[in-house]
1. So, R0 is 25 Å and r is the distance between the beta-carbons of Thr43 and Arg110; what FRET efficiency does that work out to, to 0.05?
2. Suppose only helical runs count, i.e. DSSP H with n ≥ 4. What mean residue ellipticity at 222 nm does that imply for the chain under -39500 (n - 2.57) per run, divided by all residues and rounded to the nearest 500 deg cm²/dmol?
3. For Thr61, what residues show an amide H to amide H distance below 5 Å, using hydrogens built from the backbone and excluding near sequence neighbours?
4. Please go through the stretch 221-276 and write out the trypsin sites (Lys or Arg not before Pro) that DSSP classes as loop and that have at most 14 other C-beta atoms within 10 Å.
5. Express in Å², to the nearest 10, the accessible area of Val261 obtained by rolling a 1.4 Å probe over the protein heavy atoms while all chains stay in place.
6. Restricting to bridges with both residues inside the stretch 90-246, how much of the DSSP beta-bridge set is antiparallel, in percent to the nearest 5?
7. Quick query: amide H of Arg268 versus all other amide H atoms, modeled in the peptide plane; which residues come in under 5 Å with a sequence gap of 5 or more or a different chain?
8. Measure up Lys232/Lys298; Lys220/Lys298; Lys208/Lys232 against 31 Å on the Cα-Cα distance and list the ones that go over.
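The values are calculated or read from the model by the stated rules, or taken from the named source; none is laboratory data. Treat the numbers as computed from the prediction; the structure is a model and nothing was measured. Don't worry about glycine lacking a Cβ; one is built from the backbone with ideal geometry, like all the others, and counts go over all protein chains shown. These accessible areas exclude ligands, DNA and RNA; they are computed on the full protein's heavy atoms, side chains included. Shrake-Rupley method; radii C 1.70, N 1.55, O 1.52, S 1.80 Å.
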Amino acid sequence: MRTEALSVFIAIAQCRSLAGAARVCHLSQPAVSAILAGLEEETGCRLVERKSRQRRPLELTPGGEIFLAYAQSAQALEQRMKADLSSLEERQAAVILGSGPTSSALLLPRLTQLFRRQFPHIPLAGKACASSSDVYELLENGGCSFGLTSYLPREDRFLLHPLLRDPFVLIVPQSISLPRTISCRELMSLPLILREEGCYSLRLLEEKLGEMGYGLGDLKVVLQVFGNSAVKQAASMGMGCGFVAASSILPQDRGFRQVSVSDLTLERWIYLARLREREPTPQEEAFFRFASSPAALKGLQGASRG
């Protein structure tokens, strides 16, 4: 059983979609389907099933859940083996991780801490970028080994691994009385704080509103600011409500609470990106395997929830 096939199956389990796994693994969907069929034939067990009358998401069978656990364990074991072999080298090359503002403030410190606990012999350094899109330029210029970014590149020069789902949530000042869940129509009557032009959250909000027959012009906008921190500060001051990344909400944040919009879902993924054409060093491969592991995911999810 090839390790590449195990990686494809793990991607299927994470994305819950053959098409999503194909994008992540940079394969065609028929190729992913063939790999899945080969694994099912080799194990003699059906590993995934679809819900009736529903295209997505894929569901793992009980056998698939068992296979996933062993596949992840095999990946972790291979990762440790490569890392131990690389530690025999007299000098270790540093793994450099570039990141955008949100990832730099919240995820980079935690990911660095978790990695150093398990691989203290591999140097890991972080570089902060002005925006998530700048991470790709840093990768192209050789300024970092990997990038933490929520932006999808326009070019096909990069390999992306979905690291963490990061939904956008509506924060509401304590002075505004609302139930825990409201509708999109009710959202239209609220004083809203929007992010800066060109940012991902604003473009996503415009796209999702358009699908429902609304536009940004239908919103009661009272303020437009730069960054999640500015939205949180304005909401804490009672100036209005706004959407921020869930990962940006910290335990010490006060003055606002979260409200769900039942018929409006906004979310993004934070990806671990690297150049497709660049052959990773053993140290970089060890970091990628670790960052993709369930242990790292659990640690990052805890950090994003505060």
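1. Values: r = 35 Å, r/R0 = 1.41.
The formula returns an efficiency of 0.10 here.
2. -13500 deg cm²/dmol, from helical runs alone.
3. Val48, Glu49
4. Sites meeting the loop and neighbour criteria: Arg254, Arg276.
5. 20 Å²
6. Details: 4 of 18 bridges.
Rounded to the nearest five, the antiparallel share is 20 percent.
7. It is Asp166, Phe168, by chain and number.
8. Cα-Cα > 31 Å for Lys220/Lys298; rest within.
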